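Computed from the coordinates by the stated procedures, all read-outs in this text should not be read as laboratory data. This is a predicted model, so every value here is computed, not measured. We place every Cβ from the backbone using ideal geometry, glycine too, and count neighbours over all the protein chains shown.
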Amino acid sequence: MRDLNLGRFFSPRAVAVIGATSKAGRVGRIIFETLMRPERPVYPVHPSENTILGRPVFRSVEDLPADVDLAVIATSAKATVEIAETCGRANIPFIIPVAGGFSETGEEGRKLEERLYQVTQNYSTRILGPNTLGIFAPKERVDTIFVEHGDRSLGQGGGVAFITQSGSVGVEALGIESNIGFGLRAFVGLGNKVDLGEVDFLNHFAGDEHTTCVALYLESLPEGRAFLEAAGKVAKTKPVVALKAGRTASAVAAVASHTGRLAGSDLVVDAAFRQYGVQRVSDEEQLSDAARVLSVVEPPRGNRVAIISPGGGYGVMATDEVESDNNSVSLAMAMLSAETESAIAAIVPAYASVHNPVDLSTDATDDITISALEAVLEDDGVDIVLCMALFAPPGMSDGLIRRMGILVSDAEKPVIVVSQFGPFSDGHISRLYDYGVIGYPSVARGVRAVRWLVQRGQIQKILAGKG
């Protein structure tokens, strides 16, 4: 195994876009234009164009300066192989060939892919892909994704390293989640994995101080034991959450058709993930939801949940979710102390409920919500709080967002918020995120977040016991 340092992959001194073009709408043009940042030189390479977007064009790879650490190849599959070989001879350390037309298309494509693999064997060059969207690292301002992916919303960066075997699943999940706030450390679309794969990136993000959670979309586990050991290494210090598709017989067949690889036994995957501390989710929304909370919020010391709501029905639904059967993670409704209930009773109408779930009634105000949350957080019988920030009651205002942010940031216990306000829900949750508060637009998603945090706490204890 060759030593691999991916530092220059995510933070290259200079980037070359081979197949860049002045023609609008072409993949090479989109990638080149997106990469044009003041942070580093970006060199367009095209055999017949002189300038692209005002930049002088290099006619060939051989003409490029020596500071190129990353070459993005945006040409046909056949041309990609020849260019990759040239990049290898030029000692360019990293290549991202974005084109499809390789092993996913049949025998001819497999032959082309084998030639790409030989580039990695004959030279020091490493390859991500082919058939990939590449990478997006907001902090380093490197983005090779040529489809819509919420980049404007994700540009502030964050702690989630998102590794995916399906580019479309990855970008759509991030695009939707970016509406309510998501902190992306890096996106990696693995493509056909002729060279770089899950294990390489898990090992990299394990030692990356800016990564606080790793999220994976998987259809196959071709490296099996090596993958689990790498994921387990990460899980000792930061959460690892995975969506492993291919649970049913028909889905397994679809994986083989899509990737040419076997999906493996779902029961074996389940057991292996539990053993190595990987938290499994069942769809793309859950993958992003879990990553956004696990990357920001520390797990609670236990599983006792307190619920606060300005609407009794929401408290009932949340209680159902908390007490529903879940074989892997059990939650319990906290028993509030007499002191806590008295403190709440002093600030709410007589017809409100001070027992858990706490019903502040529709007379709830910003002041009442904050005071009730303070009281519950001080209760030694509470490990984690699910607080409803519903803005329909007339006493509730946007000012609650800032006040809740200050309170939750200073709290020693985690608080998850469920917020709804019609068409303004996503905006309110996004603003909560800006204040460091994780919120969701539904009770079920909020309780799932609570469950993931409790599960992470249990995993930490188990892995610590294993040394």
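Run the simple label-point estimate for K23 and N179 please: 7 Å along Cα→C-beta, distance reported in nm.
3.5 nm
For each of Y117, Y123, Y217, count neighbouring Cβ atoms within 10 Å of the residue's Cβ, then give the residues from fewest to most.
Y117, Y123, Y217
Name the long-range amide H neighbours of G157: under 5 Å, sequence gap of 5 or more, or other chain; modelled H, no Pro or chain starts.
L184
Which whole-angstrom value gives the distance between the alpha carbon centres of region 152-215 and region 71-87?
25 Å
Quick check on the chain: of the DSSP beta bridges with both residues there, what percent are antiparallel, nearest 5%? Before the final figure, lay out each step's value.
Working: 8 of 60 bridges.
Once the DSSP bridges in the chain are tallied, antiparallel ones form about 15 percent.
Packing-wise, with mean Cβ within 10 Å as the measure, how do 106-112, 322-328 rank, highest first? Could the numbers behind the result be given before it?
Details: 106-112: 14.0, 322-328: 12.1.
Taking the mean over residues of other Cβ atoms within 10 Å, the ranking is 106-112, 322-328.
Run through all the Cα pairs of region 304-465 and give the fraction in each 5 Å bin from 0, expressed as whole percent.
For region 304-465, the binned pair fractions read 2, 9, 19, 23, 22, 14, 6, 3, 1, 0, 0 percent.
To the nearest 10 degrees, how steeply does helix 77-89 sit against the main Cα axis of the chain, on a 0 to 90 scale?
The answer is roughly 80 degrees.
Starting from the Cα-Cα distance between R301 and S60, subtract it from 0.36 nm times their residue separation and give me the gain in nm to one decimal.
Details: separation 241, 0.36 × 241 = 86.76 nm, distance 5.88 nm.
Gain on extension, R301 to S60, equals 80.9 nm.
Of all DSSP beta bridges located in region 117-188, what percent are antiparallel, nearest 5? Walk me through the intermediate numbers first.
Working: 4 of 8 bridges.
Given both bridge residues lie in region 117-188, the antiparallel proportion sits at roughly 50 percent.
Hey, what angle do you get for helix 107-122 against the long axis of the chain, alpha-carbon based, 0 to 90 degrees rounded to 10?
Helix 107-122 and the main axis of the chain meet at about 90 degrees.
If each residue of separation counts as 0.36 nm, what is the full-extension length gain between R274 and D410 once their alpha-carbon separation is subtracted?
Values: separation 136, 0.36 × 136 = 48.96 nm, distance 3.22 nm.
The span from R274 to D410 would gain 45.7 nm if fully extended.
Stokes-Einstein diffusion coefficient for region 1-130 at 20 °C in a medium of 1.002 mPa s, Rh from the Kirkwood formula over Cα pairs: what value in µm²/s? All intermediate terms of the calculation are to be shown ahead of the outcome.
Details: Rh = 14.8 Å.
Reported coefficient: 145 µm²/s.
Beta carbons within 10 angstrom, averaged per residue: use that to sort the peptides 308-315, 425-432, 47-54, 128-135, highest first. Present the calculation step by step, with values, prior to reporting the outcome.
Numbers: 308-315: 21.5, 425-432: 19.8, 47-54: 11.4, 128-135: 26.2.
Highest to lowest by the protection proxy: 128-135, 308-315, 425-432, 47-54.
Going down the table (K139/K461; K139/K236; K238/K466; K193/K466), which pairs top 23 Å between alpha carbons?
On the way: K139/K461 32 Å; K139/K236 25 Å; K238/K466 16 Å; K193/K466 32 Å.
K139/K461; K139/K236; K193/K466, as the Cα separations exceed 23 Å there.
Along the Cα→Cβ direction, 7 angstrom out, place labels at E209 and R89. What is the inter-label distance in nm?
4.2 nm
For the ranges 444-455, 73-84, 137-148, what's the packing order if you count other beta-carbon atoms within 10 Å of each residue, average per peptide, and put the highest first?
Numbers: 444-455: 23.2, 73-84: 20.8, 137-148: 18.8.
Top to bottom by mean Cβ count within 10 Å: 444-455, 73-84, 137-148.
Using the alpha-carbon atoms, what tilt in degrees (0 to 90, nearest 10) does helix 425-434 show relative to the longest principal axis of the chain?
Around 80 degrees separate the two axes.
Taking Cα atoms of region 132-296, Rg/Rh with Kirkwood Rh, to two decimals? It would help to have the intermediate numbers written out before the result.
Working: Rg = 14.6 Å, Rh = 15.6 Å.
Dividing the radius of gyration by the Kirkwood radius yields 0.93.
Would you kindly state how much longer the chain becomes between H355 and T51 on full extension, computed as 0.36 nm times their sequence separation minus their alpha carbon distance, in nm to one decimal?
Details: separation 304, 0.36 × 304 = 109.44 nm, distance 7.03 nm.
The span from H355 to T51 would gain 102.4 nm if fully extended.
Only helical DSSP H runs with n ≥ 4 go in: add -39500 (n - 2.57) per run for the chain, normalise by residue count and round the 222 nm mean residue ellipticity to 500 deg cm²/dmol. It would help to have the intermediate numbers written out before the result.
Numbers: 17 runs with 187 residues, N = 467.
Here the helix-only value at 222 nm equals -12000 deg cm²/dmol.
Measuring from label point to label point, each 7 Å out along Cα→Cβ, what is the S265 to E33 span in nm?
5.2 nm
Of all beta bridges DSSP finds with both residues in region 132-296, what is the antiparallel percent, to the nearest 5? Don't skip to the answer; put the middle values down first.
Working: 5 of 23 bridges.
Once the DSSP bridges in region 132-296 are tallied, antiparallel ones form about 20 percent.
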